[in-house]
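The values are calculated or read from the model by the stated rules, or taken from the named source; none is laboratory data. Keep in mind the model is a prediction, meaning the values are calculated, not measured. With ideal geometry, Cβ positions are generated from the backbone for all residues, glycine too; neighbour counts draw on all protein chains shown. Keep in mind that these areas ignore ligands, DNA and RNA; they rest on the heavy atoms of the full protein, side chains included. Shrake-Rupley method; radii C 1.70, N 1.55, O 1.52, S 1.80 Å.
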Amino acid sequence: MAITSIKNLKEFSTNNDRFEGAHLLCPGCAHSMIVRELMNCTDDNLVIASNTGCLEVSTAVYPYTSWDTSWIHIGFENAATAASCAEAMYKARKKKGTLPDADAPVKFVAFGGDGSTYDIGFQWLSGAMERGHDFTYICLDNENYANTGGQRSSATPVGAHTSTAQAGSHSYGKKQKKKDMVAIMAAHGAPYVAQLAPNKWKSMAKGFQKALETEGPCFINTVSACTTEWKFDPKDTIHITDLATDSLMFPVYEIIDGHELNILYRPKNIIKVEDYLGSQGRYRHLFKPQNKHIIERIQKDIDEKWALLQRREEARI
Amino acid sequence: MAKEFELNEVEVWDGNYAASQALRQAQIDVVAAYPITPSTPIVEGYGAYVANGYVDGEFVMVESEHGAMSGCVGAAAAGGRVATATSSQGFALMTEVLYQASGMRLPIVMTVVNRALASPLNVRGDHSDMYLGRDSGWIQIDAFNAQEAYDLALCAFRIGEHLDVRLPVMMHQDGFTTSHKAQNVYPLKDSIAYEFIGKYIPVDDMLDFSRPVTHGAQTEEDWHYEHKAKQHKALMDSRTVIDDVFADFKELTGREYKRVESYMMEDAEVALVLLGSSVETAVLAAKQLREEEGLKVGVVAPRCFRPFPYDLVRDALDVSSLKAVCCLDKSAPGGAMGALFNEVSAAAYSTKARPMMTNYVYGLGGRDFAVDEAKRIMKEQKAHADAGHITTDIQQFSGLRGPKLGFFKTRRD
Ligand SMILES: Cc1ncc(C[n+]2csc(CCOP(=O)(O)OP(=O)(O)O)c2C)c(N)n1
Ligand code: SF4
Ligand SMILES: [Mg+2]
C-alpha cells in the first residue's frame, strides 16, 4: 500500500528509511534526493535495479551497501531488463506458489542516468516498455555522463559545455537538441509517463505513487542537478532546480495513456532562461557576445515547448 | 500445474527439439530469449509448450540477445530457475552479460547451438561462439548428438544449481549436424526427469524481503581479485560435482558420460583430440584404420570445455605407447594455435609419454569433415611417430581450397 499522507516534508523525508545516508555521491547531488523520495513514498517491498552510473558506483561498493531493500546492478544499459525480468520471475513464482511471502505487495523500479536512458540503454528500455511489464523506470537526468567525468549525452541541452562537446574559440558547446524522451516513452503507449523535479517534492512523490500504482510500464524523467558537472555550489541544488522549473527549462508534467497531458507545476513568475543558465558554470561561455544568439535560441525553444504543452493539455491529445 | 507431455519410449528428435524438451521438463520459471539460426527452434519449441499449457513459467521474448541474457540475470537474482538459448552473433552480443552472469554466481542454463561468427556472415556450425565463451566463467559442456543434447541439458541444471557451484552452464551442440539432424532419442518421463533435476533452491533471493540483498556490487583493487579467484575456484571445483551428477544420471538411465570421453586409447600410438559432432566421425575413422591397416589410433574428446579437464585429458594421454597427438580446432584461430591445441598440449606436457603435438584447423563455417579426411590426418600422425619428429608444420588447415597453409616448425627432432 502506498503512503497517502505526504503533508509534511520532515516526516516524509524520514519515512521508511531504506536508502542509507552513507554513500559516496557528491555532497549536494540530487540523485540521492530523488531516490529517497521514491523509497519514502511507498511501504511496499521494492526490487530496485540500477544502471551503471553515479548512483550505482556510489551506493554499492563492496563490502558496503546503501540499499536496505533488494537491489541489482548488471551493466550500463540493462537495468530496465533486469527489473522487468525480475518482475516476470515474481509472476512465475506467484503462480507456482514459491514466493517466500506471497501476500506482500512488491514494486519493481529501475534507475538509470540520462546516459543509460537516452543513449546506451535506449533499446533495452524500449523493449521493456513494449513488453508491458509492471514496473517503473526512473531516469536521473543530469544531462551528462557524470560518472565518467562529464561527457555529452543526447540529453545534454544545446549550448552546454561538456568534455566531449566543449565550448571553445570555435564552439559554443553542444549543438544538438535534447532528445524528447518523455514523448518517446508516451509514444510507447505507456500508461503513465511524467517529468518531475525534486524541488516540487509533493508532485514528485505523487507522480511516483501514481507510477507505482499504475499497472504496466511507467516512465519518469527527473531533473537531477549535478553540482560537479553543472558547476554550482553544492548548497544550491534545490535553488538551481527551482530556476530550472521556474524558467520552464524543465516543465513538470505527466502524460496518461499516451495522450492525457497534465501540467503539474505552473510557475507564478516565469523567469528568463538567462537566469537559469547564468547560475551554472557549464553555460558561462554563452554570455560572451558571439554566443548571445544561442541563449535566444534556447529561450525560443522553451517558449515553443511550453506553448505546445499547454495546447496539448487543453486539447487532451 | 503444467500439463504432462506424453512421450514414447523412443522419440525421433533433432538436437534442438531434444534441448527444448529438456527445458520443458526442468519446469523453468523464466525463459528470456531471442531467436537466431540454428537455435531458433529451441525457443519456438518452448513457445509452443507455453501456448499449450505444458509449462507454467513466464516466457519473455526480449528485443535482443543482450536483453535475453540481461533478463536471465535479473530473473535469476529474483530466485528462480532460468534458461535461454542462442548461437553465434547472438552469443557475441551477449558477451558482456555472460561475464556478469558468472561473476554474480547465477546458475542460468543456456543451450548454445554452435555456429560460425561473422564476418563473412555464415549460419553453419563451427565452434567460434563456443570458444568466445571460454574465459567467461561459465561451465561449458558439449553434446555430440541429439540424445546427449537432451541428457546433458537435464544434467546442466543439477550442476549449475548445486550449492557448491552456483555458476551458469552452457550446453553446446553443433549447428545443423546436431541441431537439425533427427535421430532416435530416449527421453525420460516428465516426473522422472523433474525428480532428477530437483526443485530450485534460491540463494540470495531478491524476492525474500526478510533479508535484503545487493547484487552486482562494485569492487576495485581491494576486493575484485579475491572475487575472481573465488569464482575460478568454484569453477575448478565443479569438476567433482559434474562427475557426481554424471554418475547419478548413469544410475538412472544407464547412459554414461565423462568429462573426457576417450576411445581406443589403451594401446594407441597416435590420437586425435576434438570436440562436437566430429567425434563420431573420428571414432569411425579410427575403427576403420585399426581394422584395415592395424594402425593403433585413439580418439579423445573433452566433453567439458570449461572447466577444462586437464586432469582427465592427461590421464587419457598418459599412455606409454602414445607418440603423436593431433588437436583439431573448429574455430578460426586468430593469430594463435587453436585453443584446444593449447589446452591439450598443456595437459600432455606433464605426461610421461609427452607425445608430439600438432594442430589442425578444420570445418570452419560448416566445411564438411569426413571419415577419409580424419583417416588422412591419423596417418599423418603415424608418419610423425615413425620419423620420431613432426614432419609437417605444427599448425595446418584441413579441407581448405587453394595453396596449403601451415605455420610453425618443431625443433624436437
Ligand atoms: C558498456 C559500457 N560503456 C561505457 C561505460 C562507461 N560508463 C560508465 S557510467 C557512464 C556514464 C553514466 O552516465 P549517466 O547514465 O548519465 O549516469 P550519471 O553518472 O550521469 O548519473 C559511462 C560512459 C560502461 N560502464 N559500460
Ligand atoms: S558527479 Fe554529479 S551526479 Fe555524480 S555524484 Fe556528483 S553531483 Fe551527483
Ligand atoms: Mg547523467
Q | Estimated 222 nm signal from helices in chain B, with DSSP H stretches of n ≥ 4 weighted -39500 (n - 2.57), rounded to 500 | A | -12500 deg cm²/dmol
Q) Considering only protein heavy atoms, what per residue accessible area in square angstrom results for the range B:11-253 with a 1.4 angstrom probe? A) 34
Q: Please tell me the relative contact order of the range A:9-315 in percent, rounded to the nearest whole number, where contacts are Cα pairs under 8 Å and at least six residues apart.
A: 16
(Q) Using C-alpha positions alone, give me the convex hull volume of the range B:11-253 per residue in cubic angstrom. (A) 122
Q) Short version: ³J(HN,Hα) in whole Hz for each residue of the range A:72-77, in order, from phi by Karplus 6.51 cos²θ - 1.76 cosθ + 1.60 (θ = phi - 60°), x for Gly and Pro, what are they? A) 9, 10, 10, x, 6, 10
Q.
Defining a contact as two alpha carbons under 8 Å apart and six or more residues distant in sequence, what relative contact order in percent does the range B:260-397 show?
A. 28
Q | Cα-Cα pairs of the range B:260-397 separated by more than 26 Å (percent) | A | 12
Q) What order do B:Leu163, B:Leu274 take when sorted by accessible area (1.4 Å probe), most exposed first? A) B:Leu163, B:Leu274
(Q) Can you compute the modelled spin-label distance between A:Glu304 and B:Leu405, with each label point 7 Å from Cα toward Cβ, in nm? (A) 5.6
Q: Please report, as a whole percent, how much of the solvent-accessible surface of the range B:260-397 comes from carbon and sulfur atoms (probe radius 1.4 Å).
A: 48
Q) In peptide B:54-60, how many Cβ atoms from other protein chains are near each Cβ within 10 Å, on average? A) 5
Q: Using a/c under 1.5 as the rounded threshold, could you call the range B:112-151 rounded, prolate or oblate? The axes a ≥ b ≥ c are square roots of the C-alpha gyration tensor eigenvalues, and prolate needs a/b larger than b/c, oblate otherwise.
A: oblate
Q. Could you give the length gained on full extension between A:Asn262 and A:Leu24, defined as 0.36 nm per residue of separation minus the Cα-Cα distance, in nm?
A. 82.1 nm
Q: Only Cα pairs under 8 Å and at least 6 apart count here; give the relative contact order of chain B as a rounded whole percent.
A: 15
Q) Which loop-located GluC sites (Glu not before Pro) does the range A:172-260 contain, where loop means any DSSP state but H, G, I, E or B and the Cβ has at most 16 other Cβ atoms within 10 Å? A) A:Glu215
Q: Report, by chain and number, residues whose modeled amide H sits under 5 Å from the one on A:Asp134, excluding near sequence neighbours (fewer than 5 apart, same chain).
A: A:Gly216
Q.
Using alpha carbons only, how many angstrom separate the centre of the range B:52-88 from the centre of the range A:238-317?
A. 42
Q.
Can you tell me the length gained on complete extension of the stretch B:Leu284 to B:Ala247, counting 0.36 nm per residue apart and subtracting the Cα distance?
A. 10.7 nm
Q. What ratio of Cα Rg to 2.2 N^0.38 Å holds for the range A:9-315?
A. 0.98
Q: Enter the angle in degrees (range 0 to 90, nearest 10) between the Cα long axis of helix B:224-253 and the first principal axis of the Cα atoms of chain B, meaning the one along which they spread out most.
A: 90
Q.
Quick check: pseudo-label points 7 Å beyond the Cα along Cα→Cβ at B:Asp56 and B:Ser191, how many nm apart are they?
A. 1.6
**Q.** the range A:35-104: translational diffusion in µm²/s, Stokes-Einstein, Kirkwood Rh over Cα pairs, 25 °C, 0.890 mPa s
**A.** 183
Q: May I ask you to list the trypsin sites (Lys or Arg not before Pro) in the range A:246-312 that are in a DSSP loop and have at most 11 other Cβ atoms within 10 Å of their Cβ?
A: A:Lys268
Q. What is the calculated FRET efficiency for A:Lys96 to A:Lys10, with r their C-beta to C-beta distance and R₀ = 51 Å, to the nearest 0.05?
A. 0.70
Q.
I'd like the distance between the alpha-carbon centres of the range A:183-199 and the range B:107-155, rounded to an integer number of Å.
A. 41
Q. So which trypsin sites (Lys or Arg not before Pro) in the range A:20-105 end up in coil per DSSP with only 13 or fewer other C-beta atoms within 10 Å?
A. none
Q. Where the Cα atoms of the range A:158-259 are projected onto their three principal axes, how long is each span, largest first, in whole Å?
A. 50, 31, 20
Q. Just from its helices, what would the mean residue ellipticity at 222 nm be for chain A, if runs of 4 or more DSSP H residues each count -39500 (n - 2.57) and the sum is divided by every residue, rounded to the nearest 500 deg cm²/dmol?
A. -10500 deg cm²/dmol
**Q.** Scattering profile of the range B:1-53 at q = 0.21, 0.22, 0.26, 0.27 Å⁻¹ [log10 I(q)/I(0), Debye over alpha-carbon scatterers]
**A.** -0.81, -0.88, -1.18, -1.25
**Q.** For the pair A and B, total buried accessible area rounded to nearest 100 Å², probe 1.4 Å
**A.** 3300
**Q.** Binned Cα-Cα distance frequencies in the range B:88-179 - 5 Å width, integer %
**A.** 3, 16, 25, 24, 19, 10, 3, 1, 0
Q | Calculated from backbone phi, Karplus (6.51, -1.76, 1.60) coupling profile of the range B:377-389 in Hz, x at Gly/Pro | A | 5, 5, 5, 4, 5, 4, 5, 4, 4, 5, 6, x, 7
(Q) Using only the heavy atoms of the protein chains and a 1.4 Å probe, how would A:Cys54, A:Cys226 rank by accessible area, largest first? (A) A:Cys54, A:Cys226
Q: Taking each pair of different alpha-carbon atoms in the protein assembly as shown once, compute 1/r for the pair, average those values, and report the inverse of that mean as the Kirkwood hydrodynamic radius in Å to one decimal.
A: 28.0
Q: Compute the Rg/Rh shape ratio of chain B: radius of gyration over Kirkwood radius, all on alpha-carbon atoms.
A: 0.98
Q | Under the Karplus curve 6.51 cos²θ - 1.76 cosθ + 1.60, θ = phi - 60°, whole-Hz ³J(HN,Hα) for the range B:5-19, x wherever Gly or Pro sits | A | 9, 6, 10, 7, 4, 10, 10, 9, 10, 8, x, 4, 5, 4, 5
Q. Using a 1.4 Å probe on the protein chains only, how many percent of the accessible area of the range B:96-143 belongs to carbon and sulfur?
A. 51
Q) For the pair B:Leu7 and B:Ile201, how long in nm is the line joining their label points, each one 7 Å along Cα→Cβ? A) 2.4
Q: Subtract the Cα-Cα distance of A:Asp68 and A:His170 from 0.36 nm times their separation in residues, and report this length gain in nm to one decimal.
A: 31.8 nm
**Q.** Amide hydrogen neighbours beyond the local backbone of B:Ala85, cut-off 5 Å, H modeled
**A.** B:Tyr34, B:Thr111
Q. Long-range amide H contacts for B:Gly298: which residues qualify at under 5 Å (H placed 1.01 Å from N, peptide plane, sequence gap of 5 or more or a different chain)?
A. B:Glu269, B:Val270, B:Ala271, B:Leu272
Q. Measuring with a 1.4 Å probe in the full set of protein chains, what accessible area per residue, in whole Å², belongs to the range A:253-317?
A. 60
Q: Calculate the radius of gyration of the Cα atoms of the range A:230-317 to one decimal place, then report Dmax, the largest Cα-Cα distance, as a whole number, both in Å.
A: 14.7, 45
